[in-house]
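Chemist: The structure is given below, and queries will be raised subsequently.
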Amino acid sequence: MANDEQRNSDEAAVAQTARNYIESWFAGDAARMSLALHPELAKRSLDKGALVTLTAEQMIEYTTAGGGAANAEKAEPIEITVNQIDGNLATATVLSGVFTDYLQLVRTDSGWRIANALWKNV
């Protein structure tokens, strides 16, 4: 595949992973959330000066429990920006009506997965 084609393919795949992540949260779709997350995910937020960390397992559990459903009506608009792709690493930003997420992704044998996320409420 030519470089431009590979880049376009990677950008689409990274954007889809980010979309799976944010849309599955609001929809309570744990299977789709699982597709987006690396098993060793570290999702962090700053709360009163302290970093709070969630794991992939916790995110999937919270998604199953409908953690984002209460805010689903406020989710739109959702904007996904692929900031950079460098080989097997990528960064993306997800803006929704509720959250801002800064994502770091890695290419795995099963596709792009979110390894790190830093997020805040809007």
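Read the figures in this text as sums done on the coordinates, not as results from a lab. The structure presented is a predicted model; accordingly, all values stated were derived computationally and were not measured. Glycine also receives a Cβ, built like all others from the backbone with ideal geometry; neighbour counts cover every protein chain displayed.
Chemist: Given contacts defined as C-alpha pairs under 8 Å and at least six residues apart, what's the relative contact order of the chain, whole-number percent?
Modeler: Taking the mean separation of contacting Cα pairs over the length of the chain, I get 27 percent.
Chemist: List the residues, sorted by chain then number, that are 5 or more residues from Leu41 or on another chain and whose placed amide H is less than 5 Å from its amide H.
Modeler: Ala56
Chemist: Just to verify a number: FRET efficiency for Glu79 and Ala50, C-beta to C-beta distance, R0 = 35 Å, to 0.05?
Modeler: Computed FRET efficiency for Glu79 and Ala50: 0.75.
Chemist: Report ³J(HN,Hα) in whole Hz for each residue of region 25-37, in order, from the Karplus equation J = 6.51 cos²θ - 1.76 cosθ + 1.60 where θ = phi - 60°; Gly and Pro get x.
Modeler: After applying 6.51 cos²θ - 1.76 cosθ + 1.60, I find 4, 6, 8, x, 9, 5, 4, 5, 4, 4, 5, 8, 9 Hz.
Chemist: If you stretched the chain out fully between Asn3 and Arg107, how much longer would it get, using 0.36 nm times the residue separation minus the C-alpha to C-alpha distance?
Modeler: Here the segment from Asn3 to Arg107 would lengthen by 35.8 nm.
Chemist: Further question on the same structure: Would you calculate a helix-derived [θ] at 222 nm for the chain, using -39,500 (n - 2.57) for each DSSP H run of n ≥ 4 and dividing by the full residue count, to the nearest 500?
Modeler: -11000 deg cm²/dmol
Chemist: Let me ask something else about it. Please list the non-local residues whose amide H lies under 5 Å from the amide H of Ala75, H modeled 1.01 Å from N, same-chain partners needing a gap of 5 or more.
Modeler: For Ala75, whose amide H was placed from the backbone, there are no distant partners under 5 Å.
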